[in-house]
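Take a look at the structure below.
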Amino acid sequence: MIGLVGRKLAEAALVALIVSVATFLLTTWTGDLAISIGGLGASREELDRLRVTHGLDRPLLVQYLDWAGRALTGDLGRSFFSQEDVAPLILSRLPVTATLAVCSIAVGVALAFPLGIAAALRQGSWVDTLAQSIAALSQAMPSFWSGLLLILLFGVTLQALPISGADDWSSFVMPSLALGWFVFPILLRLLRAGMVETLGADYIRTARAKGLSRRRIVLRHALRNAVLPVVSLAAVQFGQLLGGSVVVESVFALPGIGQLAWHAIQRADYPVVQAIVLFVALIFVAMNLVADLINGALDPRIRRP
Amino acid sequence: MSTAPVIVAQDAPPDGVWRRALRHKGFVVGAIVLLVFIVLGFGAPWLAPHDPYAQSLMRRLRPPAWAPNGSWTYPLGTDSFGRDYLSRLMHGARLALIVAFSAALLAGAIGTILGVVAGYMRGRVDRAISLLISTRLALPSLLVALAVLQVAGSGILVVVLVLGLTLWDRFAVVLRTAVLQIGRLDYVLAARASGASHARIMARELAPNILGHFLVVFSYEAGQAVLAATALSFLGLGIQPPEPTWGLMMAEGRNWLMVNPWLIAIAGFALMLLVLAMNLVGDALRDVLTPGERL
């Protein structure tokens with residue numbers, strides 16, 4: 001296990017390093033920072049002055065090391081526009097997006113578990129077909145469209161839920177339903193496949209031969225093993241939702257990380273964009289590491305190199 | 001002279017694949033829907049009832065024909081500029097299909113090369129490419145695409161490039177695994193022993209045997225590309241007005257949600273049908289071409 005932890009940690013650190021280089025290059029290559037600070041009307045002298053004051057005249061490698069070194073100490077730079085420090089800015093928006101991600105996964109799990117278990121227990125029956133059809137349908141619906149349909153139903157027609165902002169829990173209902181609806185099919189497919197596989201395993205036959213009740217076999221023996229990959233997928237999904245909730249946050253005007261990023265992108269506020277991309281990517285790497293370690297801790301076969 | 005070769009040819013595998021595909025319900029349904037979209041989209045200049053750009057203040061926000069006050073002159077109604085919605089939807093289908101297939105092709109080219117090289121060369125090369133894949137997965141593709149598009153400007157070519165460069169990971173992952181499984185089989189070793197170069201083996205011996213995997217991933221990723229392109233254009237980046245992309249149509253419909261909800265409903269429904277068809281074809285190809293494997 002210690003070997004696995006070491007290997008995975010080294011791998012994650014390496015990926016984090018490459019991610020930071022990619023993020024840095026992405027924002028440096030896609031535009032002239034001096035122009036985005038000074039505006040298109042800035043004179044040549046003004047631009048040169050801006051380059052010196054922001055350190056943009058230095059070699060790329062020096063700039064990267066400076067940026068990455070500060071990032072390691074938690075200093076992610078300052079917004080070009082508001083002059084605010086980016087790190088506290090991201091942290092102040094994080095609760096909204098994290099709540100949204102957790103609620104969405106909860107919605108996805110709440111849909112995937114009953115349907116997935118029922119489908120696996122009656123493989124090929126109408127329940128199975130129904131579950132898979134619902135999954136296929138939801139996989140083809142972009143979350144911003146389901147979000148707009150929800151607004152149409154609950155916000156406009158029934159007037160039961162707020163359609164924008166994040167004032168209290170009710171603001172999270174529709175966005176979480178929209179995103180959870182999109183997350184659910186992957187969870188369902190994985191859970192169903194895992195259940196089908198474990199239900200066919202020898203130890204299930206043994207449990208059945210011992211005379212255990214069907215309920216006990218399904219819940220204690222089959223589900224417990226099928227649930228592992230689903231848990232680690234949920235962890236990875238959480239990482240993905242942090243960066244993937246931009247459109248839903250825009251539809252519901254939720255003041256989360258996605259909205260912060262989108263506004264920064266529109267104003268070419270590079271330090272903010274850079275910091276958010278790096279932050280989201282690092283969380284994804286961390287969630288992946290967690291998923292790998294969960295799998296390793298629970299499944300001895302993975303521990304071997 | 002003998003007629004034997006004819007009999008042999010009857011049992012050739014491609015025949016069997018086609019027959020199995022045509023017996024697969026999902027494939028038939030998905031393929032028909034896809035075909036309808038292709039015909040309506042690419043035939044739009046001749047088939048569409050109206051000019052998709054022609055505006056008129058006299059006929060703004062008409063409801064579809066089946067709703068009260070609708071008329072069959074504008075079967076799906078009109079948008080806030082008075083443009084015929086059906087015509088725009090059909091022209092938009094062409095844009096969606098072009099973006100989907102070109103982006104999936106570009107992503108497929110990148111992902112296939114990386115996956116095949118990694119799976120065949122193994123060792124250090126494989127580790128390096130796997131790191132690249134992990135990096136790509138870690139970077140939030142939508143945010144990156146938005147940031148690049150904001151700077152790189154608009155146009156269909158930019159959208160295809162950005163999507164192609166962000167959607168290749170699944171090709172790489174799946175084809176790497178596929179090649180890992182067949183890369184040391186006898187026929188590959190035999191080709192190596194007879195003096196074939198690595199490049200030749202990858203192109204001539206491995207490529208034809210992973211075509212099935214490629215096609216499966218391609219159908220899924222084409223669907224993903226449609227979804228991503230629509231999300232980007234819904235936010236206002238990429239292809240610009242007055243072009244009738246479905247994303248722009250939905251963004252405009254969002255402003256008239258209370259007045260004419262059909263605008264949002266119809267464009268989204270078309271999008272869902274197209275993606276569903278692509279996923280159905282993907283599922284069916286997986287059953288037919290790569291049975292027993294989890295893709």
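The values are calculated or read from the model by the stated rules, or taken from the named source; none is laboratory data. Keep in mind that what you see is a predicted model, and the values were worked out from it rather than measured. Don't worry about glycine lacking a Cβ; one is built from the backbone with ideal geometry, like all the others, and counts go over all protein chains shown.
Yes or no: residue B:282 over 21 Å from residue B:156 (Cα atoms), in contact with an Asp or Glu (Cβ under 9 Å, 6 or more places away or on another chain) and small (Gly, Ala, Ser)? When the stated conditions are applied, residue B:282 passes them. Of the numbered criteria (1) surrounded by 15 or more Cβ atoms within 10 Å (Cβ to Cβ); (2) within 27 Å of residue B:285 (Cα to Cα); (3) among the hydroxyl-bearing types (Ser, Thr, Tyr), the one residue B:187 fails is (1). Here residue B:184 passes the criteria (1) at pLDDT below 90; (2) part of a helix (DSSP H, G or I); (3) farther than 27 Å from residue A:286 by Cβ except the one numbered (2). Of the numbered criteria (1) among the aliphatic types (A, V, I, L, M); (2) within 14 Å of another protein chain (Cβ to nearest Cβ); (3) more than 26 Å from residue A:281 (Cα to Cα), the one residue A:253 fails is (3). Summed over the stretch B:153-187, residues that are within 19 Å of residue B:110 (Cβ to Cβ) and either at the interface with another protein chain (Cβ under 7 Å from one of its Cβ atoms) or charged (D, E, K, R) (or both) total 3. Exactly one residue out of B:99, B:144, B:162 is buried (at least 22 other Cβ atoms within 10 Å of the Cβ) and modelled with pLDDT of 95 or more: that is B:99.
In the stretch B:239-257, the condition of being more than 9 Å from every other protein chain (Cβ to nearest Cβ), at pLDDT below 95 and closer than 21 Å to residue B:168 by Cα is met by no residue.
Of all the residues in the stretch B:238-253, those that are among the β-branched types (Val, Ile, Thr) and surrounded by fewer than 24 Cβ atoms within 10 Å (Cβ to Cβ) number 1.
Going through (1) assigned to a helix (DSSP H, G or I); (2) among the aliphatic types (A, V, I, L, M); (3) at pLDDT below 95 one by one, residue A:107 falls short only on (3). Of the helices (runs of 4 or more DSSP H) entirely within the stretch A:1-83, those holding at least 1 residues that are small (Gly, Ala, Ser) and surrounded by 12 or more Cβ atoms within 10 Å (Cβ to Cβ) occupy A:2-29, A:33-38, A:60-72.
Listed by position, the helices (runs of 4 or more DSSP H) contained in the stretch A:133-247 that have at least 1 residues being at the interface with chain B (Cβ under 10 Å from one of its Cβ atoms) are A:143-150, A:170-199, A:223-244. Condition first: at pLDDT 90 or above and either charged (D, E, K, R) or under 23 Å from residue B:228 (Cα atoms) (or both). Now tell me which residues in the stretch A:191-222 satisfy that. Scanning the stretch A:191-222 gives a single hit, A:192. Taking the stated definitions as given, is residue A:114 closer than 30 Å to residue B:260 by Cβ and modelled with pLDDT of 90 or more? So residue A:114 does not fit the description; no. Every condition in (1) assigned to a helix (DSSP H, G or I); (2) more than 18 Å from residue B:84 (Cβ to Cβ) is met by residue B:239 except one, and the failing one is (1).
Conditions tested, residue by residue: (1) within 17 Å of residue B:67 (Cβ to Cβ); (2) of a type in the set (A, V, I, L, M, F, W, C).
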site	(1), (2)
B:243	no, no
B:246	no, yes
B:262	yes, yes
B:278	no, yes
B:289	no, yes
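If the condition is being part of a helix (DSSP H, G or I), surrounded by fewer than 22 Cβ atoms within 10 Å (Cβ to Cβ) and facing chain A (nearest Cβ under 7 Å), then the stretch B:258-273 contributes only B:272.
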